[in-house]
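Following: one structure in structure tokens, then a few remarks.
Here, each number is a calculation from the coordinates, and none is a lab measurement. These numbers come from a predicted model, not from an experiment. Here the Cβ positions follow ideal geometry from the backbone for every residue, glycine too, while neighbour counts run over all protein chains shown.
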Amino acid sequence: MKCTILGILAFVFTQATYAKTPNLEEIWLLVQRQQEQIAELQQELAENQLRLQEAQKTLQSQSSELTTRITETETALEATVSSIESSESFNGTADTRFGGYGELHYNNLDSGNSIDYHRFVILMSHQFSDELSFFSELEVEHALAGDGKPGEIELEQAFVQWDYADNHHSKMGLFLVPVGILNETHEPDTFHGVERNAVEKNIIPSTWWEAGFGFTGEIAPGWGYDLAAHSGLNLDTDNNSASKRSSIRSARQKVAKGVAENLAYTVRLRYSGHPGFQWNTTLQYQSDLAQGDDEGVGVGEISATLFETNVNFRRGGFGLRALYARWDIDNEIELLNSGADEQTGWYIEPSYRFDNGFGLFARFGSYDLTAGSDITSSEKNQFDVGVNYWIHENVVIKADYQRQDNDNGDDVDGFNLGIGYSF
């Protein structure tokens, strides 16, 4: 029995061993299949290498093209910057800048209808250094200037500013007097109404510039000051019109070969410690408004003091402006015009500006150029209401209605249209 089992196991083992050992033909077929697989792999590898080479060539081409584009862009950018600097500069630097503003008015009033390109202004400034700069403003009024023409060419500002310390600077030259709301900031897109308000026009009188030197700075958080010594007013004492003889507005010399026998001194205190709130108070003194009266009617010295205070408030769309101004003048001016020793004015102006560019305003005001008279009254009361539409932040279309009641009966009612811009 044992022999039989051993025989069977030997037979099975022999057959299994024989089944696992391939013959030469099978080995040859196996080798051929492996060679075919190797050939296929080599072909695939060659194709992949070819694709890689083509991809590298494409990448190199794209990289070269990108480099060329970057170089061209840099060249174009440098040319653009150079062009901008050239257009903004004088003497080949970017330190000289230009700006301007202007306004066209149509007035339909009881006193007559008119259309007028009221102001065309060019601004120029130059930065000499971090501390030293120059500002100027040249204006053409009423479009046409010359003998017998209605307009003028006026130099309103031309001064050097020196920032000699942090938050403190001085100015030397021809500059706007630091008084009122509109005198220093009067671009047409910064105020409501076609015309500037009558109080600041006749009492202050805007626009008012003089020549001299001044200092501006901050004395505490929110508190600022302005000090100036400058040329003064000169009354037209021999004018045939009494109102012209005592007119503060007509006394502006505009620094055009002006008489400078007596200077004027201006002090202003400013507060802006709360967002949207600005308060100013100005005091000015001049020892003689007649400047010695060398060519006039021989009046004595006419000393004068101007007191002015204003508030300018804005929160959201709501705005409020209010101003009071008063001239106290020596009684000697009574020889020129009775009651002119006191000249006063005030106004209050609420407004609202909507997000879509529309703004509404109303203004109530009064002024009197002979408020010192106990005999006659020359007070003018004016009410204005209107709309501004800013089609751009610096371009505005305006329309308003005015009603001016004069104590002398010469009322001036009507409407005004205008467009203004600044840049």
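Some points to look at:
- Counted charge near residue 144, where neighbours are those whose Cβ lies closer than 12 Å (Asp, Glu -1; Lys, Arg +1): -3
- Between the amide H of residue 370 and those of 378, distances stay under 5 Å, these residues lying 5 or more places away or on another chain, with hydrogens modeled in the peptide plane.
- Rounded to whole Å, the principal axis extents of the Cα atoms in the chain read 162, 49, 47, largest first.
- Shown in residue order for region 246-257 are the 3J(HN,Hα) couplings computed by the Karplus curve 6.51 cos²θ - 1.76 cosθ + 1.60 at θ = phi - 60°: 9, 6, 5, 4, 6, 7, 5, 8, 6, 6, 10, 6 Hz (x for Gly and Pro).
- Placing a label point 7 Å from the Cα of residue 109 along the Cα-to-Cβ direction, the residues of region 395-423 whose backbone N falls under 20 Å of that point are 398-420.
- Once both labels are positioned 7 Å from their Cα atoms along Cα-to-Cβ, the gap between residue 338 and residue 66 label points is 9.2 nm.
- Selected from 287, 63, 272 as most flexible by GNM, with the chain as the system and alpha-carbon contacts under 10 Å: 63
- Linear extension gain, residue 277 paired with residue 331, 0.36 nm per residue minus alpha-carbon span: 15.7 nm
- At most 12 other Cβ within 10 Å, DSSP loop - GluC sites (Glu not before Pro), region 285-358: 295
- Of the residues 59, 325, 412, the one whose Cα sits farthest toward the positive end of the charge dipole of the chain, with +1 on the Cβ of Lys and Arg and -1 on the Cβ of Asp and Glu, is 59.
- Spin-label model, residue 34 to residue 360: label points 7 Å out along the Cα-to-beta-carbon direction sit 9.9 nm apart.
- If you count Lys pairs in the chain whose Cα atoms are under 19 Å apart, skipping same-chain pairs closer than 8 places in sequence, the total is 8.
- On full extension, the segment bounded by residue 153 and residue 78 gains 23.1 nm, given 0.36 nm per residue less the C-alpha separation.
- Once you reduce region 392-423 and region 93-162 to the center of their Cα atoms, the two points are 20 Å from each other.
- Förster radius 22 Å - calculated FRET efficiency between residue 163 and residue 219, Cβ distance, rounded to 0.05: 0.85
- Sparse-neighbour loop sites [GluC sites (Glu not before Pro); region 93-172; at most 13 other C-beta within 10 Å; DSSP]: 131
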